[in-house]
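Engineer: Can you keep this structure in mind? I'll have questions shortly.
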Amino acid sequence: MHDISLSRARLPATLEIEVLDEFGALKQQAIAAERALTLYLNKREIVTLMTLGADPEALVVGYLRNQGLLADQQDLQAVHVDWAVEAAAVVTRHLPEDLEERLGQRTVTTGCGQGTVFGRLLDATSLQPLPATVMRQSVLYRLLDNLGAYNETYRSAGAVHGCALCRQEAVLDFVEDVGRHNAVDTLAGRQWLAAAKSTDADIFYTTGRLTSEMVLKVAQMGISVLVSRSGVTQKGVELAERFGVLLIARAKGRHFQAIHGDSRLELDAMPPRRPGDRARG
């Protein structure tokens, strides 16, 4: 194998934040890192990927290889990642002759983590202040119970994510799709096409992770409470603080972890403690 100039810009895959649990206790919780990394191929901007940052050089090379933009290993000269500017510069001896055609025909897949529009969307976003919706613990529990009547496709076939527009414990609209971003986009489209803001949806529920893109999309819909049965990422936490979104992660049964919930979460239905509750994460 020929010599390749390669940076070693690995970062820790997790970090810890403080969360508020269902008993009103503050504790440290490990969350997944989420970092934007814009890929440049011979100074040509290709894509912005959302990643843990654990092996960024391999990520960008693998992306180029899988997209057919890097055909021969001998063409690869350098891969340099600089987290200070969130960029990965890949230098090759040759570019595909049909590069522009390939880039113009990219398909956004149902997979996670390829935030091709993340940077531009964040830069262009000018949000109205979000309502400081208060979430009562008792309402959260009733909402989770009500959501059990949905997920029809998931129950019969699996392999899908579900998202819901809610007004307190009432489920106003529910969508399933093979990707969580498809589901939230469908709800946003319905809301916009039907001028459904009159429904006063004030809570958004998703089965997927609370990533930066999920927080951004929900904030654009004018909703300031985002609930998920899954976990939260670093960038999701950062954007939620920036936009004023209350995050409630790992919401299953009577368990949850609230982020940025000090003044907007009312603990009015704390469950009885059971052995092992303190150790749950």
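Engineer: Please turn the phi angles of the range 16-30 into ³J(HN,Hα) values with the Karplus equation 6.51 cos²θ - 1.76 cosθ + 1.60 (θ = phi - 60°), one per residue in order, whole Hz, x for glycine and proline.
Structural biologist: 10, 10, 9, 10, 10, 8, 5, 9, x, 9, 7, 8, 8, 9, 6
Engineer: Taking amide H positions as placed in the peptide plane 1.01 Å from N, state which residues far from D173 in sequence (5 or more) or on other chains have amide H under 5 Å from it.
Structural biologist: Close amide H contacts, sequence-distant or interchain: L165.
Engineer: Pull up all non-local amide H partners of E22: gap of 5 or more, or a different chain, and H-to-H distance under 5 Å with H placed in the peptide plane.
Structural biologist: F256
Engineer: Amide H of M270 versus every other amide H placed in the peptide plane: which residues, excluding those fewer than 5 positions away on the same chain, fall under 5 Å?
Structural biologist: Under 5 Å from the amide H of M270 lies no amide H from a residue far enough along the sequence or on another chain.
Engineer: What FRET efficiency, computed as 1/(1 + (r/R0)^6) with R0 = 22 Å and r the Cβ-Cβ distance, is obtained for D3 and H94, rounded to the nearest 0.05?
Structural biologist: 0.80
Engineer: Which whole-Hz ³J(HN,Hα) couplings does the range 160-167 yield from phi under the Karplus relation 6.51 cos²θ - 1.76 cosθ + 1.60, θ = phi - 60°, glycine and proline marked x?
Structural biologist: For the range 160-167, the Karplus curve yields 9, 10, x, 9, 9, 8, 10, 10 Hz.
Engineer: Also: Could you tell me which GluC sites (Glu not before Pro) in the range 40-106 are loop residues by DSSP with no more than 10 other beta carbons within 10 angstrom of their beta carbon?
Structural biologist: When the GluC sites (Glu not before Pro) of the range 40-106 are filtered for loop state and at most 10 Cβ neighbours within 10 Å, E97 remain.
Engineer: Per residue, how much accessible area does the range 135-266 show when a 1.4 Å probe rolls over the protein heavy atoms, in square angstrom?
Structural biologist: Here the residues of the range 135-266 average 40 Å² of exposed surface.
Engineer: Write down the radius of gyration of the range 135-266 and its Dmax, each obtained from C-alpha positions, in Å.
Structural biologist: 13.4, 40
Engineer: Taking the Cα-to-Cβ direction at A13 and at H80 and moving 7 Å from each Cα, how far apart do the two end points lie in nm?
Structural biologist: Those two pseudo-labels are separated by 2.8 nm.
Engineer: Which ³J(HN,Hα) values, rounded to whole Hz and listed in residue order, are derived for the range 34-49 from phi using the Karplus coefficients 6.51, -1.76 and 1.60 in 6.51 cos²θ - 1.76 cosθ + 1.60 with θ = phi - 60°, glycine and proline given as x?
Structural biologist: 9, 10, 7, 9, 8, 9, 10, 10, 6, 6, 9, 5, 10, 6, 10, 9
Engineer: According to a simple spin-label model (label point 7 Å from Cα along Cα-to-Cβ), what is the distance in nm between R142 and E101?
Structural biologist: Result for the modelled spin labels: 6.0 nm.
The values are calculated or read from the model by the stated rules, or taken from the named source; none is laboratory data. Quick caveat: nothing in here was measured; it's all calculated off a predicted structure. Cβ sites come from the backbone with ideal geometry, for glycine too, and all protein chains shown count toward neighbours. Each accessible area value is taken on the protein alone, full model and side chains, heavy atoms only, with ligands, DNA and RNA left out. Shrake-Rupley method; radii C 1.70, N 1.55, O 1.52, S 1.80 Å.
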